[in-house]
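Visitor: Please find one structure pasted underneath; my questions will follow.
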Amino acid sequence: MRQRWQLVPDGFIPDPPVVAPNQVGVRFDGDPRPGRPLARLQPGGRETPLVGPTTGPNEFGAAIDLRGLAPGGYTVEIVEHLTGGAEAIVGRTSFVLSQPEYVVWTLDFEGDASGDAELANTAAIADGLKIPMSVLWNPRVWATDQVSQERQDAMVAWTKGRQAKGDEVALHLHMWTDYVRAAGLVPRTAPSWAGRGDGYDVPITAYPENEQQALIGYGVKLMVQHGLPTPTSFRAGGDFADAATLRAVAASGFNADCTAVAKDYPPIGRIPYPWTLPAGAQPYQPSRSDANATGDLPLLEAPTIGGNTFGFTVQTIQPQIRANLALFAAAGNVANERKAITVVSHPGTIVATERAAIEALLGAFAGLRYDTDSGPVRFVTLAQLAKAYTP
């Protein structure tokens, strides 16, 4: 096998015969075709003919079908058929099969200016740890005179550069009064979680469903007009959303939302969170009438259970690191359940101390990473997570 760790297939891992980590390659001393070679999976006896030649005259391969298999240890036997009908096992290799575990790093632009140093720190984390980002753009910067043209251009250029590297560009909205007014609606300043008066701290749930959808649609329109892609993932400001919000998000063509938090999430201010999800809540398809319940709304809700890194240091973020690692299978063990952790940061706040904290938090998964053949943990975007959870 191309690597020891294999994952139960999900919605975005290539299926055979695409060359993938579940490909087994065999080099024979001579042409094996007269012996009709095959790969046999044990336990179970599932067989796959070896085809080739592939990369050399006597090199043959096969993509092992992992669908329907339970997590655990497996052996691949390389079998040749001898004259007279007998079989010979001419080679063996082993692998472990695990349910996938996912980590999503989301980055919220807040609608104000982000500095070059902070943006550089954000990019350095992603590039240094080799992980993708879901960059949640906030289009309010185009509806205010509080963000200079220079900063607008710099932030957009940075975001397009991240997109070119494969990062996702998604949507994040706060109810800034200037943004709401630009969308053609009457802004509200209450309720608010901090009493600011500029709408930033007013939850989107303060607006009726039709206006929520209009605010989302306006944001998408501005993004497309400025050369950004049509987003498919969303987070509402302050982590406030209800069933009307999720209906509006789904009706706007989004596939994923990450607004939800668990009921034990630290309070943001004087408005209680509308979420009653348990600690460690996992992605789910929400109900049309209850954002906290499962249902048939065509949207993946991916609760942000991995923490908000704002203001943390390497020392103070250690409890969150321990909590995150405790949700996943221990190092060296297969995961019997598919799980996901979503973490949130903000490109405008990542100074040196927070950068170090984020590197510690995300770097703690190094010994579990699938891409280094160390375990079942995959770093993915929200869009990829939604695809993985597609039935």
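The values are calculated or read from the model by the stated rules, or taken from the named source; none is laboratory data. Just so it is clear, the structure is predicted and the values come from calculations on it, not from any experiment. All Cβ positions, even for glycine, are placed from backbone atoms using ideal geometry, and neighbour counts span all protein chains on display. For accessibility, only protein heavy atoms count, side chains too; no ligands or nucleic acids. Shrake-Rupley method; radii C 1.70, N 1.55, O 1.52, S 1.80 Å.
Visitor: Considering only protein heavy atoms and a 1.4 Å probe, what is the carbon-and-sulfur percentage of the accessible area of the range 315-369?
Guide: 55 percent
Visitor: Over all directions, average the projected area of the Cα convex hull of the range 265-391 and note it in nm².
Guide: With every direction weighted equally, the projected area is 9.2 nm².
Visitor: While we're on this one: In what order, largest first, do I125, I268 sit by accessible area if the probe radius is 1.4 Å?
Guide: Details: I125 0, I268 65 Å².
Largest accessible area first, the residues go I268, I125.
Visitor: May I ask what percent, to the nearest 5, of DSSP beta bridges between residues of the chain are antiparallel?
Guide: 45 percent
Visitor: For S374, list long-range residues whose amide hydrogen, built 1.01 Å from N in the peptide plane, is under 5 Å from its own amide hydrogen.
Guide: R369
Visitor: Something else: Within the range 101-198, what whole-number % of the accessible surface is contributed by carbon and sulfur, with the 1.4 Å probe and all protein chains included in the calculation? Display every interim value, and only then the final one.
Guide: Working: 1760 of 3580 Å².
Carbon and sulfur: 49 percent of the exposed surface of the range 101-198.
Visitor: Could you tell me the relative contact order of the chain? Use alpha-carbon pairs under 8 Å, at least six residues apart, and round to a whole percent.
Guide: This gives 19 percent for the chain.
Visitor: Show L325, L297 ordered by accessible area, largest first, where the area counts protein heavy atoms only and the probe is 1.4 Å.
Guide: The residues order as L325, L297, largest area first.
Visitor: Over the range 1-112, give the accessible area per residue in Å² for a 1.4 Å probe, as an integer.
Guide: Averaged over the residues of the range 1-112, the accessible area is 46 Å².
Visitor: Per residue, how large is the accessible surface of the range 145-288? Use a 1.4 angstrom probe and give square angstrom. Please list the in-between numbers first.
Guide: Working: 5880 Å² over 144 residues.
That works out to 41 Å² per residue.
Visitor: Further question on the same structure: How large are Rg and Dmax for the range 67-217 when calculated on the C-alpha trace, in angstrom?
Guide: Over the range 67-217's Cα set, Rg and Dmax evaluate to 25.8, 87 Å.
Visitor: Under 29 Å Cα to Cα from K130, which lysines show up? Leave out anything in the same chain fewer than 8 places away.
Guide: K160, K165, K339, K387
Visitor: Starting from the amide H of A170, placed 1.01 Å from N in the peptide plane, find each other amide H under 5 Å away whose residue is 5 or more places distant or on another chain.
Guide: When sequence neighbours closer than 5 places are left aside, the close amide H contacts are V135, L136, W137.
Visitor: Looking at the range 236-344, which trypsin sites (Lys or Arg not before Pro) are in a loop (DSSP not H, G, I, E or B) and have at most 16 other Cβ atoms within 10 Å?
Guide: K263, R270, R288
Visitor: Could you work out what % of the accessible surface of the range 34-96 is carbon and sulfur, using a 1.4 angstrom probe and leaving DNA, RNA and ligands out of the count?
Guide: Heavy-atom surface of the range 34-96 belonging to carbon and sulfur, 1.4 Å probe: 53 percent.
Visitor: Considering only DSSP states other than H, G, I, E and B, which trypsin sites (Lys or Arg not before Pro) in the range 98-204 qualify as loop sites with at most 10 other Cβ atoms within 10 Å?
Guide: Loop-located and lightly packed - K130.
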